[in-house]
Each structure stands twice: as C-alpha cells, then as structure tokens.
C-alpha cells in the first residue's frame with residue numbers, strides 16, 4: 001500500500017518492571033513506491049519510481065530491488081535516519097512507466113539488524129497538469145491555469161520565491177458538475193508576494209490515490225513554471 005507521505009509504523013512493546021512501564025521500539029520499517037510523471041525540457045512526458053522507507057528506529061542504509069532485478073540505494077534521508085527516500089535526477093526519468101510488480105527493500109538498522117520489506121506497484125500513471133501563468137492587464141493579480149488531469153483525485157499547489165514558501169494548499173479538488181476541462185486560481189499580487197519582488201516558482205502536483213479514502217498513493221504528476229512579480 002502506498003501513502004502520500006512517508007509511511008508511519010509504530011511498534012510499542014510494553015514491559016512491566018518493578019512497577020515501571022518501559023516502551024521499546026523494535027527494528028521494523030515500511031517501504032512505499034509510487035510513480036511520478038513530469039514534462040522534461042524537450043516537452044516529453046517522462047516517469048520515475050519514487051521510494052520512501054520509514055521507521056521509528058534509526059536506519060543506517062536502505063536498498064531497493066525492482067522486479068527486473070535493478071538495485072538502487074536510497075541516498076537521501078531525513079530525521080537522522082528515520083526515513084530514507086530517493087530524489088530522481090533527469091537520467092532517472094524515462095518515457096515508459098516504471099516496472100510494475102513487487103519492490104523489495106533491504107533495511108540495515110543502526111544496531112546491525114538487517115530486514116527486508118516489500119511493496120507492490122501497478123503501471124497506472126497520470127499525466128502532468130501543463131500549467132500556464134499570467135498577469136492581469138493591471139499587473140495587480142497573477143493567475144495559474146491548467147488542463148484537468150484525467151482520473152486525478154486531488155491537486156497540491158506550492159508557490160516559492162527562492163527557498164521561501166509563499167503559498168501552499170493540499171487536497172484541492174474540482175467540485176464542479178460536470179468537472180471543468182481547464183482549472184484556474186487567481187492571487188492578488190500584493191497578498192501573494194507580501195512586498196517581496198522577484199522570480200516566483202509555481203509547482204502544481206496531481207495526486208492519484210489507490211482508494212476512495214485517500215490514504216494510499218498510486219501516482220503523482222507535477223509541472224513547474226516561473227513568473228517575475
């Protein structure tokens with residue numbers, strides 16, 4: 001099963017000792033894989049497999065073996081080793097979707113324990129949203145528009161200038177009946193920029209879940225564009 005955020009797994013073992021209660025976290029982890037799609041510099045839609053492994057006990061290293069036998073080490077980590085993931089580079093993206101099937105994760109914990117976990121991936125992907133940015137004639141507002149993604153469940157929008165996040169919204173949906181072919185969101189320039197002029201980066205991500213409870217993620221697709229405000 002696949003979650004939009006890094007999977008969380010808590011193993012609490014309770015021991016009574018001389019009237020005291022002690023909590024022990026065991027060497028247990030959970031792995032997750034989903035498909036990410038984007039448009040490359042040549043205007044072609046390309047795909048990569050995204051992996052994440054999470055544990056409440058510190059991990060030393062994580063490797064993943066794809067169904068075709070390809071082995072990859074997850075080099076990115078957060079929280080001092082409680083989560084490992086991959087950040088695909090341009091050469092990791094291909095014009096065909098990642099291999100469907102069972103992915104095997106080998107986790108080495110800090111205490112030397114080695115354990116393996118599996119997670120399955122289907123070949124279902126979604127296309128990038130193909131966003132467009134525009135200013136009003138008066139240049140007092142900025143709009144982002146995009147073609148609706150077929151079968152998408154929700155959208156996420158992030159706006160940054162440099163490394164500073166100016167806007168973030170998750171779980172956006174088209175509640176229109178029938179659904180619109182083109183979606184559009186507008187911002188007052190003054191409210192969005194808070195007086196900070198410069199290049200603004202808009203990143204829109206489509207999210208496809210495995211089930212209607214929106215707990216498990218199957219695929220994402222993203223598009224990014226910039227505008228000077």
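The values are calculated or read from the model by the stated rules, or taken from the named source; none is laboratory data. A quick note: this is a predicted structure, and the numbers were derived from the prediction, not measured. Virtual Cβ from ideal backbone geometry, glycine too; neighbours counted across all protein chains shown.
Among the candidates 138, 148, 169, which residue alone is without any contact (Cβ under 8 Å) to a residue 12 or more places away in the chain and under 24 Å from residue 226 (Cα atoms)?
Numbers: 148 fails: without any contact (Cβ under 8 Å) to a residue 12 or more places away in the chain; 169 fails: without any contact (Cβ under 8 Å) to a residue 12 or more places away in the chain.
None of the others qualify; the one that does is 138.
Please determine whether any residue of region 117-136 is within 30 Å of residue 82 (Cα to Cα), modelled with pLDDT under 95 and crowded, with 17+ Cβ neighbours inside 10 Å.
Checked against the condition, which is being within 30 Å of residue 82 (Cα to Cα), modelled with pLDDT under 95 and crowded, with 17+ Cβ neighbours inside 10 Å, region 117-136 yields at least one hit.
Which numbered condition trips up residue 202, out of (1) more than 24 Å from residue 35 (Cα to Cα); (2) touching a residue at least 24 places away in the same chain (Cβ under 8 Å); (3) part of a strand (DSSP E or B)?
Condition not satisfied by residue 202: (1).
Any residue at all in region 156-172 that is more than 26 Å from residue 217 (Cβ to Cβ), assigned by TED's automatic domain parsing to the domain that holds residue 211 and part of a strand (DSSP E or B)? Walk me through how you get there before you give the answer.
Initial filter on region 156-172 (more than 26 Å from residue 217 (Cβ to Cβ)): 161-162, 164.
If we keep only those that are assigned by TED's automatic domain parsing to the domain that holds residue 211 as well, we get 161-162, 164.
This time we only want the ones that are part of a strand (DSSP E or B), so: 161, 164.
Within region 156-172, one or more residues are more than 26 Å from residue 217 (Cβ to Cβ), assigned by TED's automatic domain parsing to the domain that holds residue 211 and part of a strand (DSSP E or B).
So how many residues does region 54-104 have that are loosely packed, with under 12 Cβ neighbours inside 10 Å, in a helix (DSSP H, G or I) and touching a residue at least 40 places away in the same chain (Cβ under 8 Å)?
Summing the residues that are loosely packed, with under 12 Cβ neighbours inside 10 Å, in a helix (DSSP H, G or I) and touching a residue at least 40 places away in the same chain (Cβ under 8 Å) in region 54-104 gives 1.
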